[in-house]
1. Can you list the residues, at least 5 places off or on another chain, whose amide H is less than 5 Å from the amide H of Ala362, using H built in the peptide plane?
2. Dipole magnitude of the chain about its Cα centre, charges +1 at Lys/Arg Cβ and -1 at Asp/Glu Cβ only, in debye to the nearest 20?
3. Between Glu235 and Asp474, what is the label-point separation in nm under the 7 Å Cα-to-beta-carbon projection?
4. Over the range 331-376, how many percent of alpha carbon pairs lie in each 10 Å bin up to the one with the longest distance?
5. Based on other C-beta atoms within 10 Å, arrange Phe250, Phe331, Phe41 from fewest to most.
6. Percent of Cα-Cα pairs per 5 Å bin, from 0 to the last occupied bin, for the range 102-154, please list those.
7. Taking the convex hull of the alpha carbon atoms in the range 201-260, what volume per residue do you get, in Å³?
8. Percent antiparallel among DSSP beta bridges with both residues in the range 3-244, to the nearest 5?
Amino acid sequence: MNKSDSYILALDQGTTSSRAILFNDKAQVIGQAQHEFEQIFPKSGWVEHDPMEIWSSQRSALTDVLERNSVSPEKVHAIGITNQRETTIIWDKKTGQPVYNAIVWQCRRTMSLCQKLVDEGKRQLIQDKTGLVLDPYFSASKIKWILDHVDGARKKAEAGELLFGTVDSWITWKLTRGNIHITDPTNASRTMLYNIHTKMWDDELLDLFNVPRSMLPEVRPSSSYIGLAQVGGKEIPICGIAGDQQASLFGQQCFKPGSAKNTYGTGCFLLMNTGTTPVQSSHGLLTTLALGSQCELNYALEGSVFMGGATIQWLRDELGFVRDEHDSAYFAQKVDSNEGVYLVPAFTGLGAPYWDPQAKGALSGLTRGTNRNHIIRAALEAIAYQSLDVLKAMQKDAQLNLQQLHVDGGAIKNNFLMQFQADMIDVDVILSHQAESSAFGAACLAGLASDFWHTMEEIHNKIGAKKTFKPQIDQGLKQQYYQGWQKAVQATLTSVTHHQPYPIL
């Protein structure tokens, strides 16, 4: 098949929608389709999806993108898959029917189970083996909940009749008509059942959560031949799988220790590659598996900012300060500085490195001359400050200097925020060419394994130079700004026992 007349198809199964994106041999997007699906909230704090709807939405997106772009299945060279992580699905091996809805990563129903394990002193054991904090976020407690609460599920699981998978496993199983039950290391590392040091399912963790080993998928390399998807009567090789954040890290080419990426969405997801050495955080960050330039396994530190784009949505929806999120940069630049105004958007508490779930949002430094432009500017600056706090914790934990920050997500269109981020972290901020960087990472993994492309350098050369924001701010002014942020944050904390921020480098 002529490469110029063939494509890589990336399937991006997310929390609220399923997408399918076609990439040509120049690594350009030539078409995409997206289908949303229902969010199910049975009780307060519970979040579910219908696994069959996940599959049908992903299958519809796949079909649509091919039809809209007049691409026949035989022109698809390979498929790459990326997915919402930690979301848990259990289904019957023979019938293919889920025994319960997918329990989504956001779901908090297993809080009491996790607290019981904390009280039993299992927190350190789990962190040592998995790099994760003991929390309902991850898959293990969700599996146990389904087996314990669905009639007959545990008995069938122990008889080898049920399968578990994160969303990548479910999509692959459906694409291959039940012939392949696999996952990859990046997704396995988010289950709380996978030892990131031995790179194997861990018997002690399986016993702890009472999960039969027969349920688990085989772990295959993220960039490798997986199996054949059945599409339109044709067989297409699946050659790449990675969880969404690790796929984004790979697509952004964050291969050197100290290179990091930030995805600006409703919140912000930050990952820093730490190379072949796992780093255990003392600031509540996660240690997880990631991928190097040759698709080999690396480690990364991961942290998140709860309120990223959601802060600007708050300005728009609750205060009416902007009519459109893109207006924020315009208004922020109408004032020369924040004039001492700081917004700490602790609307859902504060995450790393403070970890104060009881903290409340605060707006400080107001004077008679404060206007909405100062507040809008303070809101944008808060996104950069929160990202800086996480990056500082990463550098402290890993004993690495930040090399550069690769960024993706909707906020990279905000020039004010990108420049301010570069100023505060004092390294280059490099914008992704691809708005869908997770899908691009999955496409790269599939393209490399199928010889559509040969190296990441080749793909990089096809893409060309990326837009870069370089630090420009005076060092003294930067120090002044960040000290003001630290003071504002301290005023919102409810306990002096929480981690203090680090002095600016």
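We did not get these values from a lab; they are worked out from the coordinates using the rules stated. All values reported here derive from a predicted model rather than from experimental measurement. Positions of Cβ are backbone-derived with ideal geometry, glycine not excepted, and every protein chain shown enters the neighbour counts.
1. Amide H to amide H, under 5 Å and 5 or more residues apart or across chains, Ala362 pairs with Val344, Ala346.
2. Dipole about the Cα centre, nearest 20: 320 debye.
3. About 6.9 nm separates the two model spin labels.
4. Going from the shortest bin to the longest, the percentages are 26, 41, 28, 5.
5. Phe41, Phe331, Phe250
6. 4, 21, 27, 24, 16, 6, 1
7. 156
8. Roughly 70 percent of the DSSP beta bridges within the range 3-244 come out antiparallel.
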